[in-house]
Every structure is written in structure tokens, then in C-alpha cells.
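The values are calculated or read from the model by the stated rules, or taken from the named source; none is laboratory data. This is a predicted model, so every value here is computed, not measured. Here Cβ is always computed from backbone atoms with ideal geometry, including for glycine, and neighbour counts include all displayed protein chains.
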Amino acid sequence: MSGEHTAEVYRIAWVAGTDTLHGVCHCGAERTARDPVEMWEWMLAHPVGHDREIT
Amino acid sequence: MTGTTGQISRTAFARNQWYVAAYGREIGRELLARTILNEPIVFYRTQDGGEAVALADRCVHRRYPLSAGRLDGDTLVCGYHGFTYDTTGTCVSVPGQKRVPRTARVRSYPVVEQDSLVWVWIGDPESADPDAVPRAAHLADPAWRTVGGMETVECDYRLLVDNLLDLSHETYLHGGYIGTPEVAETPIVTEVDEGAGTVRVSRHMDDAACPPFYARSTGIEGRITRWQDIEYHAPCLYLLHSRIAPRGVLPEPDGSDPNAFHVEITYAVTPSTDRRVYDFWCVSRDFAQDDEDVTAFLHDLNHTVVMQDVDALDLLQRSLDTEPEGYQELSINIDTGGLAARRILTRLAAEGEPQPAHAPAAAR
């Protein structure tokens, strides 16, 4: 992907061959989920619930 | 986003943002009327400098559309009673009297012309930063051959953003044109850059059928490696970096990519009213630049694709308008990018809300 990034980047990858989403917050916290709405809610709640990996 | 299901919220515009009002070629010595974020605006170009001018399209006198008037040099003369405005919107002449009322002026809007596009700023003019206009440099770069057009869609502009952020619909709505089964089947990667206000959605297909759009324009026979990298600069500019190559052909280790075909698909999504959006579209290619058959083919086929979207979104909006309050949607993995875009648009709209002022006195 192109373009300049700032420090606050959220990334969600749909894991190939599965229905699973894998999210990485800009703070480094990670989570897997099967629902993009749930994933964004967790992601944007940063820093709440971002102190450890939750699956 | 309040749960697994939900619904699109009430239309709210991000006012303190730049929006594409027109292609530069559309603005000249003929008056051009466009309604942007519910504000009627008239555009024209000055005689000598060729600067694009944007003024409120309502005469201060009796609200007659100034776009129905005429130019006299660089001034705009109302076609009803002759009130005449300069390029700043100041009324410089009224009929039958020497004194021009001090309040006789219409709003002028900040304008930037860049990359063949004319951008306008609707919100607080003090916040208008020309350097914040996102770039689409390929549109004015001779290394790229560009075709394009503009359609109006009778829908909430966010339905068009939804459409563009989730390209899995190509398989179903545009099958036989640009869609193949692999588009809907291939997982995506979504990145949101909060600071930059951008959403990126990437879909890389290693082994895909070649749709007619690319087969005929590139001459590739057989299966392809097809990459789609979306870069959405909310709220208006959408770039789709499309890479097409014979199956298995990848960029060189040094990053060069001489054996692939590159197409930049550009959209500008400009809300006109709560239920109308201007859909500016361009297709730029770095191959067969001088082949007029390819130029005509890409223009005509992409126009067909755009009209398929127009018809679908018109239908979707009419359907949504019959839904009872509180209707529900369901989002799945393909919607990850679209959900991110909706949220950024909501944030940008809230940031552009005017600050609360004293309650106005009751009209008498």
C-alpha cells in the first residue's frame, strides 16, 4: 500500500482460508474475531482492553 | 457501529473538508451550477487570469439563481434585475441607483484547482488550507492516459462510499465487465490511519480470471495476478491502484514493475444534497496510451459499470426510504473497510459542526 502513514494506524486482516479477522492496534495489541463490528469496537476502545491479547 | 447489526445514521456532512466541484475543463466562461452539501454554487472562470470562481448561486435581492445570469468581464450579472457581483461576491452595481447597500454581497467559496480537478471548501473559510487538498497527480500526468466522466446518483453519499470500499460487489453487480468470482472470494486487509483520515483496503488475487475490462485493454490471454489497493481519503477522494499481470508475474526485487499493466481508478464522491451525490470517475492507464480503440473501450465500459452502480444505488436508496425507523443491517468480513469509512465520516462531520451560538431571536 502506498502513502504516508501517521502513528495511529489500525490494521485488520481477514485470515486466508478462514472466516477469522486478525486485528492489530497501533499500540501493538492484537485480537481475533469473526465480526468486523465487534473488531472495530475493540480496536477503537483503545486503550481499554488492549493490555493483553484477547481471542 | 453499535453492534453486529445496525443501520446507517442520519445524513451528516463533513463541512470543513475539500470537495471536488468539477473537472477543470467544465469551468469556463459559461456559468456552471452545482449544489454541494446543500449549498447552490455558481462557478466560472475569469477572463484574463483564468482563475476559477465560486459564488453562492442566489442573488441577494430576490434569491434568483445567479447561474441563470451572464458574465460581463469578470463580473456576474443577475439575469432578473441586474445586480452585479465581482469575483469576491461583493455587489458592485444595482439598477437605478448609485448607492449599493452595504450588505449586498453573496458568499464566495475558497477554490483550489489541482490535478485537473476543481476543489471547493464549504465550511469555515478560515480553516481552508489549500495544502490539505489530497493529490491525484496521475490525472494531470502525461505518462498516464485518462478517461472520465461524472454521474449523479440519487442517494445518500455514504451509500456510494460503501459501494467503493467493498469491491466484492464487482462479482455480482459487474460480473462479465470487471467482476470475476475471485474478487468476492479473496480476503482483504484493511488499514485505518486515524491521523491522516484514510482507509486502505487491499485485495491481492494470485490466480484470477481476467475480466473483459482488462483482457481487451491489455491483450492478456489467460489467467492473471490482480491486485486491488484502495486508498480512500475521506470524505471525497477515492483511489484504486489496480495492478494486472499474467499469472505469477510479480514486481522486480528493486520495486520496478515493467511486466505489469497499471490502472488508476479515481472517484471523487461529492455530496450534493441529502439524497444526491456527484460521482466523478476516471480511469488512467500506463499502457497503450496512443491506442484510441483502447481509450474508447475503457471509457465506454467503465461508464457502463458506473451506470450499473447508479441504478443499484438509486434502487437501494428508494428501498431504504420505505424502511421503518430502526431498520437493521448485517455486516460481515467484506464490510470491514466500509465500516471504517462510515466511522471516519461521522467523526469528520462532528468536527465540522458549527459551534453553538446564542439562540436566535424569534422571527417576526
Complete set of residues in segment A:12-38 that are assigned to a loop (DSSP other than H, G, I, E, B) and either small (Gly, Ala, Ser) or under 9 Å from the mean Cα position of the chain (by Cα) (or both): A:ALA16, A:GLY17, A:CYS25, A:HIS26, A:GLY28, A:ALA29
For segment B:86-93, state whether one or more residues are more than 21 Å from the chain's Cα centre (by Cα) and closer than 28 Å to B:GLY148 by Cβ. yes
Any residue at all in segment B:342-349 that's surrounded by fewer than 19 Cβ atoms within 10 Å (Cβ to Cβ), at pLDDT 95 or above and among the hydroxyl-bearing types (Ser, Thr, Tyr)? no
Does segment B:104-124 contain any residue that is closer than 28 Å to B:ALA350 by Cβ and within 14 Å of another protein chain (Cβ to nearest Cβ)? no
Of the criteria (1) of a type outside the set (Ser, Thr, Tyr); (2) surrounded by fewer than 17 Cβ atoms within 10 Å (Cβ to Cβ); (3) not in a helix (DSSP H, G or I), which one B:CYS91 fails: (2)
I'd like to know if segment B:57-72 contains one or more residues that are part of a strand (DSSP E or B) and buried (at least 19 other Cβ atoms within 10 Å of the Cβ). no
Can you confirm whether B:ARG145 is more than 20 Å from B:ILE332 (Cα to Cα), away from chain A (no Cβ under 14 Å) and basic (Lys, Arg)? yes
One residue is enough: does segment B:256-264 have a residue meeting the conditions touching a Cys at 6+ places or on another chain (Cβ under 9 Å) and within 14 Å of chain A (Cβ to nearest Cβ)? yes
Within segment B:146-164, is even one residue free of Cβ contacts under 8 Å to residues at least 40 places away in the same chain and either assigned to a loop (DSSP other than H, G, I, E, B) or outside the structural domain of B:GLU329 (by TED's automatic domain parsing) (or both)? no
Residue selected from segment B:32-44 under the condition without any contact (Cβ under 8 Å) to a residue 60 or more places away in the chain and crowded, with 21+ Cβ neighbours inside 10 Å, by the criterion farthest from B:VAL118 (Cα to Cα): B:VAL42
Please find, among B:GLY352, B:GLY337, B:GLY248, the residue that is in contact with a helix residue (DSSP H, G or I) (Cβ under 6 Å, 6 or more places away or on another chain) and not hydrophobic (A, V, I, L, M, F, W, C). B:GLY337
So, of the residues in segment B:306-348 that are touching a strand residue (DSSP E or B) at 6+ places or on another chain (Cβ under 8 Å) and of a type in the set (Asp, Glu), which turns out to be nearest to the other protein chains (Cβ to nearest Cβ)? B:GLU329
Restrict the check to segment B:170-184 and report whether at least one residue is surrounded by 19 or more Cβ atoms within 10 Å (Cβ to Cβ), within 13 Å of chain A (Cβ to nearest Cβ) and in contact with a helix residue (DSSP H, G or I) (Cβ under 7 Å, 6 or more places away or on another chain). no
Take the conditions out of contact with any Asp or Glu (no Cβ under 7 Å at 6 or more places or on another chain) and over 30 Å from B:ASP124 (Cβ atoms) and apply them to B:ASP314. Does it pass? no
Got a number for residues in segment A:31-48 being more than 7 Å from chain B (Cβ to nearest Cβ) and closer than 10 Å to A:TYR10 by Cα? 2
Single unsatisfied condition, B:GLU194 versus (1) buried (at least 17 other Cβ atoms within 10 Å of the Cβ); (2) at pLDDT 95 or above; (3) in contact with a Phe, Trp or Tyr (Cβ under 9 Å, 6 or more places away or on another chain); (4) within 14 Å of another protein chain (Cβ to nearest Cβ): (2)
Does any residue of segment B:74-90 turn out to be in contact (Cβ under 8 Å) with a residue 40 or more places away in the chain, more than 23 Å from B:PRO125 (Cβ to Cβ) and in the same structural domain as B:GLY28 (by TED's automatic domain parsing)? no
Taking only pairs six or more apart or across chains, which ones have beta-carbon atoms under 6 Å, a first residue in segment A:11-28 that is more than 9 Å from chain B (Cβ to nearest Cβ), and a second residue that is surrounded by fewer than 18 Cβ atoms within 10 Å (Cβ to Cβ) and polar (S, T, N, Q)? A:HIS22/A:THR32
Six or more apart or on different chains, Cβ under 7 Å: which pairs go from a residue in segment B:117-141 that's at positive phi to one that's exposed (fewer than 13 other Cβ atoms within 10 Å of the Cβ)? Could you list them? none
